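A short write-up of the structure that comes next.
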Amino acid sequence: SLGQPGTCIGILLFLALVAIFGVAALTFLSIVLLHKRVRVTVGKGHNEVASVVFATVGVLYAVVLAFVVFAVWERFSETDNAVAGEAAQIVGAYRDTQELPEPLRTNQQRAFRQYVQVVRDDEWASHGKLKEHTTPDALNPLWRNLRAAAALPGADLPALDRAAQDLHEVEIARHDRHLSRESTLPWIFWPILILGWLFTMSFIVLFDMANVRLQGVLGALLAGTIVAMLFLVFALQQPFTGRVHVSKRPLDHALLQFHVIDMGD
C-alpha cells in the first residue's frame with residue numbers, strides 16, 4: 001500500500017514518465033542519426049555475431065535486474081506486513097487493559113495511544129538511522145503500569161501475565177521494524193545496473209537493419225522498459241521514508257479500534 005499523499009505520488013509518476021519517454025526518445029534519435037551520418041560497411045556475419053553476444057549480455061542483465069526487482073519488492077511487502085502485524089498486536093495488547101483496575105486502566109490506555117502516535121509521528125522518519133536516544137523508551141510507561149498493577153493486593157496475576165506476554169510481542173515487533181534497514185539495495189548494485197543498461201543498449205547500435213527507424217523504435221522500447229524497471233527499484237528501495245512507502249493506515253486503524261474497545265458491550 002502507498003503511504004504518500006496523492007500529490008507526491010502524482011509527481012513521482014510524472015517524473016517516471018518523463019524519464020522513460022525521454023530516454024526512449026533519445027535512444028531513437030541516437031540510432032537514427034548515427035546510422036544516417038555514419039554508414040559502416042560490415043561483413044556478412046556482422047548481425048549474427050552481434051546477436052549472439054547481445055543475447056548473452058541481455059540474458060545476464062535481465063537475470064540481475066529481475067533479481068533486484070524481486071528482492072526490493074519482497075522487502076517492501078515484508079515491511080508492509082510487519083507494520084500491519086505490529087498494529088494488530090497493539091490492538092490485542094490494548095484489549096488486556098480491561099483487566100486492570102482504575103486508575104491504571106486509564107493510564108495504560110493513554111500510554112497505548114501515545115505510543116502509536118510516537119510511532120506514526122516520530123519513529124517513522126528515523127528508520128535506518130542509528131543515533132543516541134535522548135528520551136525514555138516509548139514502551140516504558142506501559143511496562144511501568146503493568147508492574148504497578150501486579151504489585152496491588154489481590155491482583156489477577158494470570159491475566160497480568162498474559163498482558164505482559166502480549167506487550168512483549170509488541171516490543172519484539174517494534175524493534176524488528178525499527179532495526180530493519182531503510183535502504184533495501186546495497187549501493188554496489190547501482191553501478192552494475194547502470195553499466196549493464198549502457199552495455200545492453202550499445203549493442204542496439206551495432207546491428208545493421210535495413211529499416212533504421214524500426215531499429216530506432218525497437219531500441220527505444222528496450223531503453224524505456226529498462227528505465228521503468230530501474231525507476232521501480234529506486235521508488236521501492238526505501239519502504240519507510242521514500243516517495244513510495246508502506247502505509248501508516250494499520251496504525252490509524254489501531255487508534256480507531258481503541259475507541260471501539262472502550263465502548264464496551
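Scanning the range 228-246 for residues that are buried (at least 19 other Cβ atoms within 10 Å of the Cβ), of a type in the set (Val, Ile, Thr) and not in a helix (DSSP H, G or I) yields a count of 2. Whether any residue in the range 134-141 is assigned to a helix (DSSP H, G or I) and at negative phi is what I want to check. The answer is yes; a qualifying residue exists. Scanning the range 71-93 for residues that are open to solvent by 40 Å² or more (accessible area, probe 1.4 Å) and not hydrophobic (A, V, I, L, M, F, W, C) yields Glu74, Arg75, Glu78, Asn81, Gln89. Quick one: how many residues across the range 178-199 are assigned to a helix (DSSP H, G or I) and modelled with pLDDT under 85? Summing the residues that are assigned to a helix (DSSP H, G or I) and modelled with pLDDT under 85 in the range 178-199 gives 1. Is it the case that Arg162 is over 16 Å from the mean Cα position of the chain (by Cα), among the basic types (Lys, Arg), at pLDDT 90 or above and surrounded by 12 or more Cβ atoms within 10 Å (Cβ to Cβ)? When the stated conditions are applied, Arg162 passes them. Scanning the range 118-129 finds one or more residues that are in a helix (DSSP H, G or I), within 23 Å of the chain's Cα centre (by Cα) and buried (at least 17 other Cβ atoms within 10 Å of the Cβ).
Scanning the range 247-265 for residues that are among the charged types (D, E, K, R) and either surrounded by 20 or more Cβ atoms within 10 Å (Cβ to Cβ) or under 15 Å from Ser30 (Cβ atoms) (or both) yields a count of 0. For the range 202-211, what are the residues that are open to solvent by 30 Å² or more (accessible area, probe 1.4 Å), aliphatic (A, V, I, L, M) and either assigned to a helix (DSSP H, G or I) or under 30 Å from Trp124 (Cβ atoms) (or both)? Val205, Leu206 - these are the residues of the range 202-211 that are open to solvent by 30 Å² or more (accessible area, probe 1.4 Å), aliphatic (A, V, I, L, M) and either assigned to a helix (DSSP H, G or I) or under 30 Å from Trp124 (Cβ atoms) (or both). Residues that are among the hydroxyl-bearing types (Ser, Thr, Tyr) and at pLDDT below 90 do not occur anywhere in the range 100-120. Of all the numbered requirements in (1) more than 33 Å from the chain's Cα centre (by Cα); (2) surrounded by 17 or more Cβ atoms within 10 Å (Cβ to Cβ); (3) under 30 Å from Leu230 (Cβ atoms), Asn145 misses one, and that requirement is (3).
The residue pairs whose first member lies in the range 107-124 and is closer than 18 Å to Ala88 by Cβ, whose second member is in a helix (DSSP H, G or I) and open to solvent by 80 Å² or more (accessible area, probe 1.4 Å), and whose beta carbons are closer than 6 Å, counting only pairs six or more residues apart or on different chains, do not exist in this structure. Do we have any residue at all in the range 182-191 that's open to solvent by less than 60 Å² (accessible area, probe 1.4 Å), under 29 Å from the mean Cα position of the chain (by Cα) and farther than 30 Å from Lys248 by Cβ? Yes, there is a match, as at least one residue in the range 182-191 is open to solvent by less than 60 Å² (accessible area, probe 1.4 Å), under 29 Å from the mean Cα position of the chain (by Cα) and farther than 30 Å from Lys248 by Cβ. If we scan the range 215-227, do we find a residue that is in contact (Cβ under 8 Å) with a residue 24 or more places away in the chain, over 30 Å from Ser51 (Cβ atoms) and either open to solvent by less than 40 Å² (accessible area, probe 1.4 Å) or not polar (S, T, N, Q) (or both)? No, every residue in the range 215-227 fails to be in contact (Cβ under 8 Å) with a residue 24 or more places away in the chain, over 30 Å from Ser51 (Cβ atoms) and either open to solvent by less than 40 Å² (accessible area, probe 1.4 Å) or not polar (S, T, N, Q) (or both).
Condition first: open to solvent by 50 Å² or more (accessible area, probe 1.4 Å) and at pLDDT below 80. Can you find one or more residues in the range 20-32 that meet it? Within the range 20-32 (the criterion being open to solvent by 50 Å² or more (accessible area, probe 1.4 Å) and at pLDDT below 80), the answer is no, since none of the residues qualifies.
The values are calculated or read from the model by the stated rules, or taken from the named source; none is laboratory data. For clarity, every value in this text was computed on a predicted model and none was experimentally measured. Note that we place each Cβ from the backbone using ideal geometry, even for glycine, and neighbour counts take in every protein chain shown. Surface areas here come from the heavy atoms of the whole protein model, side chains and all, with no ligands, DNA or RNA. Shrake-Rupley method; radii C 1.70, N 1.55, O 1.52, S 1.80 Å.
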